[in-house]
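Inspection log for the structure reproduced underneath, given as structure tokens.
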Amino acid sequence: MAKKSDRIVYKRDDGQWINKKIVSDKASSIHSTQKEAENTAREMLKNSGGGELITKGLNGKIRSKDTIPPAKDPFPPRDKEH
């Protein structure tokens, strides 16, 4: 379930990369590269107390999901037992 602070990065039809809150209609920032949009989204999440960053690839499908601290990861990686 999306929280107020969660963000999404995706490519618009005009080729620009958008960083926006999931619950918002307007973009928080517009960038020429996916990397710039992701970095800005990470910084905004970090400054607002953390949350989930969802990045969509060129095909429009989710490419990655990252939990930005200090938010808690709802599905943390399991510790491997040796």
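The values are calculated or read from the model by the stated rules, or taken from the named source; none is laboratory data. Everything numeric here is computed off the predicted structure, so don't read it as measured data. In this analysis, Cβ positions are derived from the backbone assuming ideal geometry, glycine residues included, and neighbour counts consider all displayed protein chains. Each accessible area value is taken on the protein alone, full model and side chains, heavy atoms only, with ligands, DNA and RNA left out. Shrake-Rupley method; radii C 1.70, N 1.55, O 1.52, S 1.80 Å.
Give the number of residues within segment 60-78 that are over 20 Å from Gln16 (Cβ atoms), among the charged types (D, E, K, R) and within 13 Å of the chain's Cα centre (by Cα). Counting residues in segment 60-78 that are over 20 Å from Gln16 (Cβ atoms), among the charged types (D, E, K, R) and within 13 Å of the chain's Cα centre (by Cα) gives 2.
Looking only at segment 1-28, residues that are touching a residue at least 12 places away in the same chain (Cβ under 8 Å), of a type in the set (Ser, Thr, Tyr) and out of contact with any Gly (no Cβ under 6 Å at 6 or more places or on another chain) come to 2 in all. When Gly60, Gly49 are checked against the criterion of being without any contact (Cβ under 8 Å) to a residue 60 or more places away in the chain and in contact with a Pro (Cβ under 9 Å, 6 or more places away or on another chain), Gly49 stands alone in meeting it.
Scanning segment 24-60 for residues that are out of contact with any Ser or Thr (no Cβ under 9 Å at 6 or more places or on another chain) and either among the small types (Gly, Ala, Ser) or in a loop (DSSP other than H, G, I, E, B) (or both) yields Ser24, Asp25, Lys26, Ala27, Ser32, Thr33, Leu58, Asn59, Gly60.
Looking only at residues in segment 1-21 that are among the aliphatic types (A, V, I, L, M) and modelled with pLDDT under 95, which one is farthest from Asn47 (Cα to Cα)? The residue in question is Met1. Taking segment 6-33 as the range and being surrounded by fewer than 18 Cβ atoms within 10 Å (Cβ to Cβ) and within 11 Å of the chain's Cα centre (by Cα) as the test, only Ile22 passes. Please find, within segment 41-59, the residue that is farthest from the chain's Cα centre (by Cα) out of those that are open to solvent by less than 40 Å² (accessible area, probe 1.4 Å) and within 10 Å of Val9 (Cα to Cα). Checked segment 41-59; the qualifying residue farthest from the chain's Cα centre (by Cα) is Gly57. For segment 60-82, filtering for residues that are surrounded by 12 or more Cβ atoms within 10 Å (Cβ to Cβ) and among the charged types (D, E, K, R) leaves 4. Is it the case that segment 46-53 has a residue that's on the phi > 0 side of the Ramachandran plot and either in contact with a strand residue (DSSP E or B) (Cβ under 9 Å, 6 or more places away or on another chain) or among the aliphatic types (A, V, I, L, M) (or both)? Among the residues of segment 46-53, at least one is on the phi > 0 side of the Ramachandran plot and either in contact with a strand residue (DSSP E or B) (Cβ under 9 Å, 6 or more places away or on another chain) or among the aliphatic types (A, V, I, L, M) (or both), which makes the answer yes.
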